[in-house]
Amino acid sequence: MQHLQSIGNTASTIKIKYAAITAYAKHIDKLSILNNIRRPQARGNKNIAPKSLTKNAANRLLREAERKGTRTAAIIYTLL
């Protein structure tokens, strides 16, 4: 598992690969090979709302969108 972390795999990717190893170990009836494998814990998602734009930033975004075209402006107005 340390190798997977060192090459950049996230905890959730490692969890999927560990599940495949576990299934294979069950298939060959060698669950003892799983005893010494340490898995990283996945970080929990924090449901934090994104920060909203200030009034000045929203107005600046709208002015720029209006300069680019009506389609872009319509999308921005919908999102705000």
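The values are calculated or read from the model by the stated rules, or taken from the named source; none is laboratory data. Since the structure is predicted, the reported quantities are computational estimates derived from the model, not experimental observations. Methodologically, a virtual Cβ is constructed for each residue, glycine included, from the backbone with ideal geometry; neighbour enumeration extends over all protein chains shown.
Structure summary
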{"read-out": "Near pairs, Cβ below 6 angstrom, 6+ apart or cross-chain, from the range 1-25 (of a type in the set (Phe, Trp, Tyr)) to any residue that is outside any helix (DSSP H, G or I)", "value": "18/39"}
{"read-out": "Subset of the range 26-41 (residues that are surrounded by 10 or more Cβ atoms within 10 Å (Cβ to Cβ) and either more than 19 Å from residue 4 (Cα to Cα) or touching a residue at least 40 places away in the same chain (Cβ under 8 Å) (or both))", "value": "26, 30, 31"}
{"read-out": "Any hit, the range 6-14, residues being assigned to a helix (DSSP H, G or I) and aliphatic (A, V, I, L, M)", "value": "yes"}
{"read-out": "Selection status of residue 22, part of a helix (DSSP H, G or I), of a type outside the set (D, E, K, R) and either on the phi > 0 side of the Ramachandran plot or over 25 Å from the mean Cα position of the chain (by Cα) (or both)", "value": "no"}
{"read-out": "Selected residue (criterion: surrounded by the most Cβ atoms within 10 Å (Cβ to Cβ)) from residues of the range 9-25 that are small (Gly, Ala, Ser) and either more than 20 Å from residue 45 (Cβ to Cβ) or modelled with pLDDT of 85 or more (or both)", "value": "25"}
